[in-house]
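As structure tokens, the structure follows; a few thoughts come after it.
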Amino acid sequence: MNPIIKNILRLGVALGLLYWLVVSDRLDVGRFLALQFSLPLLCVFVGQLAMLIITLLRWQILLRPHGIYLKFFETIHLGFMGYFANIFVPGSLGIEAIRFYHLSKCENLSSRKSLILSSIIMDRSAGLLGLMLIAPISGGLLLFMNGGQKNLEYLLWFSVLLLLVSVAGLALICSRRGFQKLPFLKRINAVANFALAMQSYRNHFSTLAVSLLLSILGHVCVIFAAYFSFMTFGSLVGPLVVSCVMPFVILSRVVPLTPLGLGVSDTVGSEIFSLFDAVQGAEVVMLMRAAVILLSSFGVFFYFKKFKPELVSFQQKTNGKEK
């Protein structure tokens, strides 16, 4: 299908969902536009900024096992260029494409594209796994403290099932027997690329552990921002409820259906938060998206300064042997 037609259809889906939220009184646009500066609103921006920076540091750490060492501000440079592009591209494809393109252009890294790609794949995987760990843990604590809620039980079991399926799939892809018993997996590019990425990190467990911890920390920052988003609208929703629901909202935003999950994540937030009598889920998601867009828009300034190849150093650390 023509890319222009695809983008028009995606925009149509987003606008259609937003229209439905408005006419069904699930989204009060007027209240959102009438927001004024307050301490909770500042906390929303602080939480979202912390999440953006932690995400970039996670990728910086995942590059190191391959001998690619980026300085902090070089990582910020590439990352915010990607964040700006991501405003206009569905899913997280914008930031990943920018990082891969500019880093692989470096003269001493031009032959290491597979390593750069593996770091990006592992970065995305660590982010998703950290996200899926938060939902069942917070849901379990919430159920323990407030038992007897059927909706919470269903949500908890769904999050546990999602985590188990993900871990099982991960184990299958990482095992050699998985490809022997299911040879068709090799013909799926995404699965094959992920398997290669995992092999490149096979002897770097500590790096993977740190990246997973950073992933959890980044998502905690998003939960922090969501908690204060509710406060911005004059509501007080428990942190465990927010931490139980937000992973599903974030997952819906990752799906490359609309830019930044516009309309999709708002609907998911509205419907799931309403199960816990939090009626401003759509406004909260919209406020958090607005914060990310505003912060990401500063990435346009990084396009005026070229990312120079000599800023990136490549070091061999494989017992003197070239990888």
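Approximating the spin labels as points 7 Å out from Cα along Cα→Cβ, the K71-to-K105 distance works out to 1.9 nm. Can you tally the net charge around H77? Count Lys and Arg as +1, Asp and Glu as -1, for every other residue whose Cβ sits under 13 Å from the Cβ of H77. Around H77, the surrounding residues sum to +4. Compared with the alpha-carbon gap, the fully stretched path from L39 to E271 is longer by 80.8 nm at 0.36 nm per residue. Residues of segment 233-258 with an amide N closer than 18 Å to a point placed 7 Å from the Cα of R31 along the Cα-to-Cβ direction: 233-238, 242. Other residues with beta-carbon under 15 Å from the beta-carbon of S235 carry, at +1 per Lys or Arg and -1 per Asp or Glu, a net charge of -1.
Take the Cα of W20, go 7 Å toward its beta carbon, and the backbone nitrogen atoms of segment 240-268 under 19 Å from that spot belong to 248-268. Site pair I87 and S166 shows an inter-label distance of 2.9 nm when each label is modelled 7 Å from Cα along Cα→Cβ. Can you give the FRET efficiency to the nearest 0.05 for F158 and I8, using r as the Cβ-Cβ distance and R₀ = 22 Å? After rounding to 0.05, the efficiency reads 0.10.
On full extension, the segment bounded by A290 and R64 gains 78.1 nm, given 0.36 nm per residue less the C-alpha separation. For segment 1-127, taking the reciprocal of the average inverse distance between every pair of different Cα atoms yields a Kirkwood hydrodynamic radius of 17.3 Å.
For segment 120-133, putting each phi into the Karplus relation 6.51 cos²θ - 1.76 cosθ + 1.60 with θ = phi - 60° gives couplings of 5, 5, 5, 4, 5, 5, 4, x, 5, 5, x, 5, 6, 7 Hz, in residue order, rounded to whole numbers and with x for Gly and Pro. Working from label points 7 Å from Cα in the Cα-to-Cβ sense, the V254 to L128 distance is 0.5 nm.
No value in this document is a laboratory result; all are computed from the given coordinates. Here the structure is a predicted model, which means the values were calculated and not measured. We place every Cβ from the backbone using ideal geometry, glycine too, and count neighbours over all the protein chains shown.
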